[in-house]
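What follows is one structure encoded as structure tokens, with my remarks underneath.
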Amino acid sequence: MAFKYYLCFMTAHKNPWTKINSTEVYDNPWVKIRHEEVLKPNGEPGIYGVAHFKNKAIAVLPLDALNFTWLVGQYRYPLEDYSWEVPMGGGPLDKDSLDSAKRELKEETGMTAEKWTDLGRLHTSNSVTDEVGYLYLAEELSFGESEPDDTEILTVKKVHLSEAVEMVMSSAITDSLSIAIILKAARLKGI
């Protein structure tokens, strides 16, 4: 069984797709969309649409000594719905992700942190985009004034990490970055 898994793992690294043609169909300061003509893994012709994001996705979970965190609520235009999330935003591809995390935490909550832990990265929706998300735990917090972007009308809510986990489990939190960082932090903290 282990040998079979190893073979699958090894063959997974060879690209079975062939790109025939790639055409940029949309471009703005945040995202570029490509339409690609391909040969599918079975050799048949096909198409693929790829969304290339021009920033990294950055998510921060601020956490105090009693395991309370702060969620950010805002209306998300693409969803046409209100969303509870951890503080997050975009960071330039060529800049340090931690610097972007520090900026996002300050902008959305007014907080700064003395201790930062890298909780890893993830691909936000790898069947249609190359976007990479970076996750940071922020501790030893100080509080100040928030500085939200002009596109943000935010509500900041303090909850215990265990309540945030319950919000994930009940689908009150649906954002993929928020789900990942909340569950990773809860595991790390034994919650």
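No value in this document is a laboratory result; all are computed from the given coordinates. All values reported here derive from a predicted model rather than from experimental measurement. Please note: Cβ atoms are built from the backbone with ideal geometry, for glycine as well, and neighbour counts cover all protein chains shown.
Here are the numbers:
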| read-out | value |
| --- | --- |
| Cross-link pairs beyond the 23 Å C-alpha cut-off, checked among LYS54/LYS184; LYS19/LYS95; LYS158/LYS184; LYS32/LYS95; LYS54/LYS115 | LYS54/LYS184; LYS19/LYS95; LYS54/LYS115 |
| Angle in degrees between helix 97-109 and the longest Cα principal axis of the chain, rounded to the nearest 10 | 50 |
| Computed Kirkwood radius, in angstrom, where 1/r is averaged over Cα pairs of the range 40-111 | 14.8 |
| Projected label distance in nm at LEU188 and LYS157, using a 7 Å step from Cα toward the beta-carbon | 2.3 |
| Total charge dipole magnitude, the range 95-158, about the Cα centre, Cβ charges on Lys, Arg, Asp, Glu only, Debye to nearest 20 | 260 |
| Gain in span if fully extended, LEU98 to TRP116, counting 0.36 nm per residue against the direct Cα distance | 5.7 nm |
| Cut-off under 5 Å, modelled amide H: who pairs with LEU154 long-range | none |
| Debye-sum result for the range 124-173 in log10 I(q)/I(0), which assumes one identical scatterer on each alpha carbon, at q = 0.15, 0.16, 0.22 Å⁻¹ | -0.77, -0.88, -1.22 |
| Hydrodynamic radius by Kirkwood, which averages 1/r over all alpha carbon pairs of the chain, in angstrom | 18.5 |
| ³J(HN,Hα) computed for each position of the range 39-53 - Karplus, 6.51 cos²θ - 1.76 cosθ + 1.60, integer Hz, glycine/proline x | 9, 5, x, 7, x, 7, x, x, 10, 8, x, 10, 9, 9, 8 |
| Surrounding net charge for ALA65, when Lys and Arg each add one and Asp and Glu each subtract one, Cβ distance under 10 Å | -3 |
| The chain: angle of helix 176-189 to the longest principal axis, Cα-based, in degrees nearest 10 | 60 |
| Alpha-carbon centroid distance for the pair the range 103-133 / the range 8-62, whole angstrom | 22 |
| Degrees separating the helix 2-11 axis from the principal Cα axis of the chain, which is the longest one | 80 |
| Residue range of the chain that is longest and free of GluC sites (Glu not before Pro) which are both DSSP loop and sparsely packed (at most 12 other C-beta within 10 Å) | 1-79 |
